[in-house]
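Only one structure is covered here, and it is reproduced in the block below.
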Amino acid sequence: MDAQEVARATSPDGRIDVVLTEHNPGATASFVYRVYLLPRDSEPTDAEPAAELYGATRSSTAYGADLRWQDADTAVVEYLRAKSVKVGRESFEIDGRLVTLLLREGTENPDAPAGGMARD
């Protein structure tokens, strides 16, 4: 299965999106989540991920991560735990503006549905 977009949040000024994709590598591995910072309404097809979370969870039964904006220049990815996290760098120039990506472990989302984030 190819990666599927599972969440998107637009910055307060409407210029930049933080996007989360989910890849299911198969029964013997956990979900892989990639985070992208992109100009609004862009697709992450050729973009380099800003971060990658392997086996990220939002609760004891739900995989994934939640996206939000702290302010127009700071995107936040919240998750309970991850087996591993890779971050290329913390700041990115997007559409002529410097944007910071914050990863926050330890945030539980008890309302997240069980399983992976992709819904067929």
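The values are calculated or read from the model by the stated rules, or taken from the named source; none is laboratory data. If you're wondering where the values come from, they're calculated on a predicted model, not measured in any experiment. Neighbour counts are summed over all protein chains in view; Cβ atoms, including those assigned to glycine, are modelled from backbone coordinates with ideal geometry.
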Every residue from region 67-79 that is over 12 Å from Leu101 (Cβ atoms) and surrounded by 21 or more Cβ atoms within 10 Å (Cβ to Cβ): Tyr79
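Can you tell me which residues in region 51-72 are assigned to a loop (DSSP other than H, G, I, E, B), farther than 12 Å from Ala7 by Cβ and at pLDDT 95 or above? Even if it seems obvious, please write down each step before you answer.
Quick first cut of region 51-72, residues assigned to a loop (DSSP other than H, G, I, E, B) only: 55-56, 58-61, 64-65, 72.
Narrowing the set further to residues that are farther than 12 Å from Ala7 by Cβ leaves 55, 59-61, 72.
The answer is Gly55, Ser59, Ser60, Thr61.
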Check off (1) touching a residue at least 24 places away in the same chain (Cβ under 8 Å); (2) closer than 20 Å to Pro113 by Cα for Val99 and give me the number that stays unchecked. (2)
Any hit, region 82-99, residues being of a type in the set (A, V, I, L, M, F, W, C), part of a strand (DSSP E or B) and either within 11 Å of the chain's Cα centre (by Cα) or on the phi > 0 side of the Ramachandran plot (or both): no
Which condition from (1) touching a strand residue (DSSP E or B) at 6+ places or on another chain (Cβ under 6 Å); (2) surrounded by fewer than 13 Cβ atoms within 10 Å (Cβ to Cβ); (3) closer than 15 Å to Gly55 by Cα is the one that Leu98 breaks? (3)
Can you tell me which of (1) basic (Lys, Arg); (2) closer than 15 Å to Gly116 by Cα; (3) touching a Gly at 6+ places or on another chain (Cβ under 8 Å) is the one Arg40 doesn't meet? (2)
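Would you be able to say whether some residue in region 109-118 is in contact with a strand residue (DSSP E or B) (Cβ under 7 Å, 6 or more places away or on another chain) and either without any contact (Cβ under 8 Å) to a residue 40 or more places away in the chain or basic (Lys, Arg) (or both)? Talk me through it step by step, then tell me what you get.
To start, the set of residues in region 109-118 that are in contact with a strand residue (DSSP E or B) (Cβ under 7 Å, 6 or more places away or on another chain) comprises 109, 112-118.
With either without any contact (Cβ under 8 Å) to a residue 40 or more places away in the chain or basic (Lys, Arg) (or both) added as a condition, the list becomes none.
No, region 109-118 has no match at all.
Looking at region 79-95, which of its residues are of a type outside the set (Phe, Trp, Tyr) and closer than 16 Å to Glu52 by Cβ? Spell out how you get there, then give the answer.
The first filter runs over region 79-95 and keeps only residues of a type outside the set (Phe, Trp, Tyr), leaving 80-91, 93-95.
Passing the criteria: Arg81, Ala82, Lys83, Ser84, Val85, Lys86, Val87, Gly88, Arg89, Glu90.
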Taking region 65-87 as the region of interest, how many residues are within 12 Å of Val35 (Cα to Cα), of a type in the set (Gly, Ala, Ser) and touching an Asp or Glu at 6+ places or on another chain (Cβ under 7 Å)? 1
Residue ID - nearest to Ala118 (Cα to Cα), chosen from residues in region 73-96 that are modelled with pLDDT of 95 or more and of a type in the set (Gly, Ala, Ser): Ala82
